[in-house]
Amino acid sequence: MKLINRIKKIEAKTWIKVILASIFLMMLVLNFLTPLIADDFSYGIGVDQKRITNVMDIVNRMIDHYFGWGGRIVSHTFACTFLMLPKVIFNILNSAVYTTLIYLIYKISKGKRKEEKPLLLLGIHFILYFLTPVFGQNCIWLVGACNYIWTTCIILLLVHSILSKNDKKDSIIRLIAMFLFGVISGWTNENTSFGLITILSSILIIDKINKEKIPKWKISGLIGSIIGFIIMIAAPGNYVRSAEFVDNDFIIIKWIKRFIECTMGMGKYCTIFIAALVILITIYIFNHKKINKYVYGFILGAILSVYSMVLSPSFPERSWFGVIVFFTIAIMILLYDIEKISKIFKPIIIDAIIISSFVYIVDFISLVKDINGLRMTWNDRIELIKNSDGENPIILSPYYTNNSKNPNYGLADIVHNQNDWPNRDIARYYGQKELIIDYMDGTTEDVE
């Protein structure tokens with residue numbers, strides 16, 4: 001009882017700091033264990049096929065990327081910059097950005113309410129950790145993290161600014177600043193940026209319905225995000241890349257097939273979120289409690305983030321990250337006041353967090369061991385590559401993992417043909433003419 005009383009006396013703000021610090025440290029461990037993999041080697045080399053070493057190399061690489069592969073210049077500028085620097089810098093900053101993302105989800109969910117609820121921070125982290133289809137690709141892998149948690153963090157910063165600031169004053173500086181902020185936010189990630197535009201539009205429409213005065217700087221942020229989104233999807237490289245996906249079906253048939261695939265994906269990755277939202281909204285309605293209208297904006301943003309992918313020839317698992325973040329915010333907004341409806345919900349939430357914490361610790365230890373195997377495999381590979389004479393086969397052990405939270409899960413590994421990707425980019429990254437592979441286990445099939 002004394003221990004419980006002491007825990008109760010600790011201030012909520014102190015618990016928030018402790019929880020955020022713990023999340024940061026756990027992510028730091030995972031980041032330090034993770035080596036460079038897959039696309040990291042590709043974005044680490046410039047247009048001259050040599051390692052990126054300066055800002056002009058990055059600029060030239062991004063120009064080439066925009067016209068030859070895709071429009072995500074913001075995220076890939078982050079990636080190229082980190083690949084030019086010692087990885088320890090990325091390890092620290094990426095852990096901090098992930099922790100910031102958790103806190104932003106919490107702050108947006110909390111809104112203007114004063115009461116702090118530290119346990120929800122853990123709940124947010126557990127949702128992302130357990131329910132993100134490929135957590136390692138989204139949150140630990142260098143190129144993947146720059147494309148997803150870094151860009152989502154930028155997007156949520158804009159959303160938080162629009163929601164939290166009550167200042168109605170407009171100025172030229174604020175209008176320009178919010179416009180540029182909007183451009184950068186919209187120029188981040190195709191489906192997540194479309195979700196952003198949907199959410200910002202919903203917020204402004206809801207405010208208008210509530211007869212609130214909407215300052216011009218908020219509209220400026222929305223316009224900027226739309227322009228940034230257009231710049232991204234208009235990239236000539238998008239059409240170059242999409243040409244690699246051969247599909248001779250009539251355009252309407254393509255869209256129908258993709259719509260069905262998106263719907264099946266919703267069933268696979270979002271059933272838990274939809275069920276939770278249905279239950280929570282029903283509880284509010286049954287008890288005649290007012291529902292925060294912004295919930296519907298985030299739900300709509302999540303759904304349209306999914307179905308905007310009807311226009312894309314592919315929908316990789318990592319592209320569900322923004323969808324999951326938007327659904328999580330909607331759920332947390334509803335959970336924040338659930339205790340006011342009935343006191344029974346408080347012990348239910350506490351018990352759920354305690355059970356999840358135990359499962360998380362066990363799973364985290366397993367993940368650390370698994371990623372450490374990846375680290376050791378690449379340490380051995382790099383040593384052999386650097387000592388290679390470029391003529392004799394380099395005997396390497398293939399790496400496999402079934403852990404979906406491992407950053408290498410679902411990504412291409414080394415292959416037999418030295419002219420195929422990623423071998424050719426790994427060789428260029430380490431200054432080798434080519435990478436000749438002879439697998440230690442004698443297999444003759446490509447490892448992917």
Sorted by Cβ neighbour density within 10 Å, fewest at the top, the residues F358, F181, F67: F358, F67, F181
Those residues of region 94-126 whose amide nitrogen sits under 17 Å from the label point placed on V18, 7 Å along Cα→Cβ: 116-123
In whole angstrom, and with the biggest value first, how far do the Cα coordinates of region 175-229 range along each principal axis? 32, 24, 10
Calculate how steeply helix 12-33 sits against the longest principal axis of the alpha-carbon atoms of the chain, using the helix alpha-carbon long axis, and give the answer as 0 to 90 degrees to the nearest 10. 10 degrees
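Run lengths n ≥ 4 of DSSP H only: what is the helix-derived mean residue ellipticity at 222 nm for the chain, with -39500 (n - 2.57) per run over all residues, to the nearest 500? It would help to have the intermediate numbers written out before the result.
On the way: 21 runs with 303 residues, N = 448.
Taking each H run of at least 4 residues, the total per residue is -22000 deg cm²/dmol.
Quick one: I256, I127, I365, fewest Cβ neighbours within 10 Å first, how do they rank?
Arranged by neighbour count, lowest to highest, I256, I127, I365 become I365, I256, I127.
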From fewest to most C-beta neighbours within 10 Å, the residues K343, K168 line up as K343, K168
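Kindly state, to the nearest 0.05, the FRET efficiency for K433 paired with K369, given R0 = 51 Å and r defined as their beta-carbon distance. Walk me through the numbers before you get to the answer.
On the way: r = 36 Å, r/R0 = 0.70.
Given R0 = 51 Å and the Cβ-Cβ separation, E is 0.90.
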Part-to-part distance (alpha-carbon centres) for region 248-294 and region 7-65, which is given in Å: 31 Å
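Give me the dipole magnitude in Debye, nearest 20, for region 2-365 about the Cα centre, with unit charges on the beta carbon: positive for Lys and Arg, negative for Asp and Glu. Walk me through the numbers on the way to the answer.
Values: 38 positive and 22 negative charges, 370 e Å.
Dipole size: approximately 1780 debye.
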Once the Cα atoms of helix 149-164 and of the chain are each reduced to a long axis, what angle between those two axes, in degrees from 0 to 90 to the nearest 10, is obtained? 20 degrees
Kirkwood Rh in Å, taken over region 1-159 so that all alpha-carbon pairs contribute: 17.3 Å
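Please label the shape of the chain as rounded, prolate or oblate, based on the square roots a ≥ b ≥ c of the eigenvalues of the alpha-carbon gyration tensor (a/c under 1.5 means rounded; beyond that, a/b larger than b/c means prolate, else oblate).
Details: a/c = 1.85, a/b = 1.41, b/c = 1.31.
Prolate is the answer for the chain, as a/c is 1.5 or above and a/b outweighs b/c.
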Farthest towards the positive end of the dipole of region 2-365, among I184, L25, L121 and with Cβ unit charges of +1 on Lys and Arg and -1 on Asp and Glu, lies the Cα of L121
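Pull out the extension gain between K289 and A96, defined as 0.36 nm times the separation in residues minus the alpha carbon to alpha carbon distance; nm, one decimal. Working shown, then result.
Numbers: separation 193, 0.36 × 193 = 69.48 nm, distance 3.67 nm.
Value of the extension gain: 65.8 nm.
Throughout, read-outs are computed from the coordinates displayed, never taken from laboratory work. Predicted model only: the values in this text are computed from it and were never measured. Heads up, the Cβs are rebuilt from the backbone with ideal geometry, glycines too, and the neighbour counts pull from every protein chain shown.
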